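Heads up: the structure comes next, in structure tokens.
Quick note: the coordinates plus some simple rules give every number you see, no bench work behind them. Quantities reported herein were computed from a predicted structural model and do not represent experimental measurements. Reconstructed Cβ throughout: ideal geometry from the backbone, glycine too, with neighbour counts over all protein chains shown.
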Amino acid sequence: MKSVESLRRRATPVIEWALPYWTRGKAGRETPEDLFRLLYLGWLVAFSFKVLGASWDVSWHFKWLRDDLAPPHLLNSVGTAIALTLTIIHLYTGYGVDRTAQRLVGWGTGIFLTAVPLDLINHRINGLDITSWSPSHMMLYFGTFLMVCGVIRGWFMGAPTGRTRTMVLGGLFVFLFENVWFPAQHQEYGVFGIAAWDGGHPEAEPTLLQFAADQMGRAVDRMMVVKFSLPVPDQVYPLYAAAAAVIVLVFARAMIGRMFAATAVIGVYIAYRTLIWPLLALADFPRSSVPIFLIAGALAVDLAFLIRIPVLRALAGSLAATVLVDQALRLQSVAYHTPPLVPPMTMVIGGLMLAVLWVGGEWAMSRYRLRAQDMEAVVSATATP
């Protein structure tokens, strides 16, 4: 009873502070500074839970049979619950977001929540659904992508200038990159799974191997393990790195507006993957290849922004990033497990894809004033008497 009474006394001031803000309003209404900070601190916490759960989840599925209530799913669900609460606040009160950010957050959360039961049904019908690239999984990633984009937009438009603005924006782009890159982790875990099989000590439990073999209609052999571990064409991984990964870094560099911002974002992500790697290994969970080679692509992006002409920057940056990503991946493969390599000419497709995305991104950033200097100009104009 004493603990309940103590909890009530502590909660009362919080409730009294929050209740006046719980009023219906349109997106873009003036948001008190303390409320704005609290809302975005909540998003950082939500995304942290989701990333921790996701990191454990992909490793879990290379070891155990799937379970709806597996610990990684529960950890991820904590982040989802916080994100849903924040989404409701943004949609109802209009605080902390403009109309575009509100729509992105609302649609993203809605798509994610719709994908959850669809994914459960998919697994009931198709069993393991042996790939991160399945339609229901892609819906989860896309919903999260829109959600994080909305939060980035809200912070970009509403946060005051200063170091905190830059640091939080960088952190949000790390979360965005993690979500975009997440499906590629299937191949990164897969190469370790194959190596473990070849070494005579499979990381997956026998029940998982047998279940996967039964689903494929074949014996538990190396062919089955390869199909389980690398279920998509070899070209997917390097092309995805050249196009999807790099374009996220392009937007990060432009919106953060600091030299080596893209390298810092990918550096934090690589550091996280490197730190989580031994923790999973110590807990006897499967390990993965860490995409260190992406640092080369990030450096190419940062250096490309020294070019002032947008179209030239996009074309030169696409060429440099594609070549450096390809060569760095080949260099990493010499000393470290990586997904299978592809002929260099395959990366021409990746370069063309990136060039189209980058040119389109330059147009979008100009059209919607998404560069850091655009926001700084708005703040300066507002501050001028």
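Numerical summary
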item: Burial ordering of Ser333, Ser229, fewest other beta-carbon atoms within 10 Å first; result: Ser333, Ser229
item: Overall dimensions of segment 233-377 by Cα: Rg and Dmax, Å; result: 16.0, 52
item: Of the DSSP H helices in the chain, those whose Cα atoms cover at least 30 Å axially and whose Kyte score averages -1.0 or more; result: 33-60, 71-93, 99-126, 135-158, 261-282, 310-335, 346-367
item: The chain - mean residue ellipticity at 222 nm from DSSP helices (-39,500 (n - 2.57) per run, n ≥ 4, rounded to 500); result: -24500 deg cm²/dmol
item: FRET efficiency, Trp107 to Ser48 (Cβ-Cβ, R0 25 Å, nearest 0.05); result: 0.65
item: Cα pair count fraction exceeding 20 Å, expressed as % - segment 29-187; result: 48 percent
item: Size of charge dipole - the chain - debye, nearest 20, with Cβ of Lys, Arg +1 and Asp, Glu -1, no other charges; result: 1100 debye
item: Net length gained if the chain between Trp64 and Val359 were fully extended (0.36 nm per residue, minus Cα distance); result: 101.9 nm
item: Calculated FRET value between Arg218 and Trp277, using beta carbons and R₀ = 25 Å, to 0.05; result: 0.20
item: Relative pair counts by distance (%), Cα atoms of the chain, 20 Å bins; result: 26, 54, 19, 1
item: Principal axis dimensions, segment 51-118 - Cα atoms, whole angstrom, descending; result: 43, 22, 16
item: Per DSSP, loop trypsin sites (Lys or Arg not before Pro) in segment 227-314 with at most 12 further Cβ within 10 Å; result: Arg308
item: Debye intensity ratio in log₁₀ form over the Cα atoms of segment 207-311, taken at each q of 0.16 Å⁻¹; result: -0.84
item: Chain lengthening between Ala18 and Val311 when straightened (0.36 nm per residue, less Cα-Cα); result: 100.7 nm
